[in-house]
Amino acid sequence: MKLKNLAARLRVAERTAERAASVLFCSRFSGDSDREFLRAISSDSSPLTLLLKSGENSEEAFRKISEGQYRLFFAEEDYSGGFPDWFSDRKAGYRFPVKWSSLVRWESNRRYDCKVPWELSRMQFIPSLVGYSVSSGTKDGLVQAEKILNNWISENPWNRGINWVSAMEIALRGLNLLVYSAYAYREGLADLKKLSEVIWKHIHSINALELARPGNLRHNHILVSSALQILLCCSVRSRVTDSYLKGACCILEEEILHQFRPDGGHFESSMNYHRFCLEAVLILFLVLKNVPSETLHPSAFSLIENSDILARLSNALQITEICMDTMGIIPSIGDSDDGRVFFYRDYFSWQPSDHRYLKEMAEQIPDLPEPSYRLSCTAPLFPHSGLGFYQGEKYGLCCCSTPVDIIAGGHAHSDKCSFLLQVRGHQVLTDPGTGCYTPDLKRRTVLRSAGSHNVFLIDGKDFMNYAPNRAFGPVGRIETQIASAQEQNSSISFLMSHTGYSRYESLGTVKRKILCSEQELLIEDSAEGNGTREYSIHYTFAPEITVERKEKCLAVSGGSRVLCLIRFPENADVSIGETLYSSAYGVFATTLHAVVKGKVTLPGIVRHSFIF
């Protein structure tokens, strides 16, 4: 026991010494804001200014923020004219301690969520306040932003508390501090000495926490932190920040080409982390591409001129555009915490399923090339990313067999060989969402499990082996594939497979073939193995959908109209119940869920169909 106590004291002493050294290092910083850079990004013709002016409801956002209202994930938090408690999860009744940030800890299944203070401390209301000043020609928004920033700075000493723990959270806040600095400087309101010191602390923390010591996992945090670090280093120039910028450029180049697959999809197999990472790179490029090149560090200039990276960005935008065109929304494939990077408009009203703003940002980047990944017009397929799309006159289909990268951040769900469906503009088959990360692992496991997705199961087994005490990452490796083919009758088929059942005795690869025609979807499910087994086919319906059991089918309705019929195998048992559903992070509800069960002798085929 004495040895344990001694070891704990040594760890505390070590961390304290480390933080003290950082404070000493920061106190010797002699850099200053790059005024030319600030002038360039805040000019009337800059892409930032054009984006900030595009907010139609900036006056309403200014009023609500001034009254103490803030967006928290998909909801609003009202602080009655005051400032938020930057350390609290009010809903859970928990306040994180204000101590050395390296000593701050939190546990899973405690109902409180570290993402609550992080989300508020990202300062993502600042663009709305700045946008109001830019649009109205007044300084009111900037003055209000200054008041909130001063409160945050006074309440959050450097390296103290939950808000100095995560490099990515620090980087997101740093971006908004930079936006305020640029426009406050333009209007003669900025104390640049104070602001450059605060931004410098953010730069140093990002480097110390993430970029100077990469680990074995590669995830969205590294990409977003490095992208925003480059912008921050451009705004506060010194020999040290130039070295940090050069390192961040090297990391970002490598991460973009690794994390965005050749066909454009993000390697974490999540459409919302795809959006989040793409947004971070777009904000970097649209700023730097419109700054005089002679003012940029050579590493930053080389990065934004890299043709391979520009091609990946175009391919990534193409996936978003195809998905929006086919489904009408971006479905919540994989994890989502509804995070944003640069909330330049619609701060209170933005819907996480709406990714159209990415195109607006991309339009501000000069000379962005056409996508290098060529697509079939009738059935766009992204085999590296595990996605396929079909758009008919009556319905839109998204086939999902996304890869599971064993060294990614663990944001993939058990949605392999799954599909999502919209009929006549109504979302019919949906993804159940994410709900939360660490506060409630039981509900998190339910939402990402196979039984909550539109999949084919054998003996009710999940093909992704989630540990009950882990918020992230499946255990073990699973291979997935997706392909498409033109059939003889001019219809399109998708073939998906996964190897998730290979860890079970006498089971192997699962395959799903979906044959698409104008009037019907014919689905053929099969699994390698032997013996007679129980199969189950799962359907999770969107909340606005109603389902009625008929003699040999299910009638699926939306808006008082039958949208399609689901025909299932003879002698199958069909049950209709409810399952957990989350439309946004922190929001839980239920939605209709149907399960078709029967017996199959492997490797037999089970057929079912949708009639439109």
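The values are calculated or read from the model by the stated rules, or taken from the named source; none is laboratory data. None of these values were measured; they are calculated from a predicted model. Cβ sites come from the backbone with ideal geometry, for glycine too, and all protein chains shown count toward neighbours.
Brief remarks follow.
- From S205, S238, S243, residue being out of contact with any helix residue (DSSP H, G or I) (no Cβ under 7 Å at 6 or more places or on another chain), under 26 Å from E146 (Cβ atoms) and assigned by TED's automatic domain parsing to the domain that holds V143: S238
Residues checked against (1) within 27 Å of S583 (Cβ to Cβ); (2) modelled with pLDDT of 95 or more:
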site	(1), (2)
Q427	yes, yes
T430	yes, yes
K442	yes, no
T445	yes, no
S452	yes, yes
R470	yes, no
Q486	no, no
N489	no, no
S502	no, no
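- Condition met for W106 (out of contact with any strand residue (DSSP E or B) (no Cβ under 8 Å at 6 or more places or on another chain), in a helix (DSSP H, G or I), more than 19 Å from T49 (Cβ to Cβ) and among the aromatic types (F, W, Y)): no
- In the stretch 173-185, the residues that are basic (K, R) form Cβ pairs under 8 Å with partners that are in a helix (DSSP H, G or I) and modelled with pLDDT of 95 or more, at six or more places apart or across chains, as follows: R173/S121; R173/N163; R173/H202.
- Residue match in the stretch 51-69 (condition: among the small types (G, A, S) and at positive phi): yes
- Residue pairs whose Cβ atoms lie under 8 Å apart, separated by 6 or more positions or on different chains, with the first residue in the stretch 45-62 and hydroxyl-bearing (S, T, Y) and the second not in a helix (DSSP H, G or I), are S46/N290; T49/S42; T49/S43; S54/Y344; S54/R345; S58/R345.
- The requirement of being under 26 Å from K359 (Cβ atoms), touching a Ser or Thr at 6+ places or on another chain (Cβ under 6 Å) and at pLDDT 95 or above is not satisfied by F285.
- Note on the stretch 244-268: among residues that are in contact with a Cys (Cβ under 9 Å, 6 or more places away or on another chain) and not charged (D, E, K, R), the one that is surrounded by the most Cβ atoms within 10 Å (Cβ to Cβ) is A248.
A quick yes/no check of all residues on (1) within 29 Å of C436 (Cβ to Cβ); (2) of a type in the set (V, I, T); (3) not assigned by TED's automatic domain parsing to the domain that holds G334:
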| residue | (1), (2), (3) |
| --- | --- |
| L507 | no, no, yes |
| E528 | no, no, yes |
| H538 | yes, no, yes |
| S557 | no, no, yes |
| I576 | yes, yes, yes |
| H593 | yes, no, yes |
| G598 | no, no, yes |
| T601 | no, yes, yes |
| G604 | no, no, yes |
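Residues are listed down the side, and each one gets a yes or a no for (1) under 18 Å from I283 (Cα atoms); (2) at pLDDT 95 or above; (3) touching an Asp or Glu at 6+ places or on another chain (Cβ under 9 Å); (4) not β-branched (V, I, T):
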{"site": "I329", "(1), (2), (3), (4)": "no, no, yes, no"}
{"site": "D337", "(1), (2), (3), (4)": "no, no, yes, yes"}
{"site": "Y357", "(1), (2), (3), (4)": "yes, yes, yes, yes"}
{"site": "H384", "(1), (2), (3), (4)": "no, yes, yes, yes"}
{"site": "L387", "(1), (2), (3), (4)": "no, yes, yes, yes"}
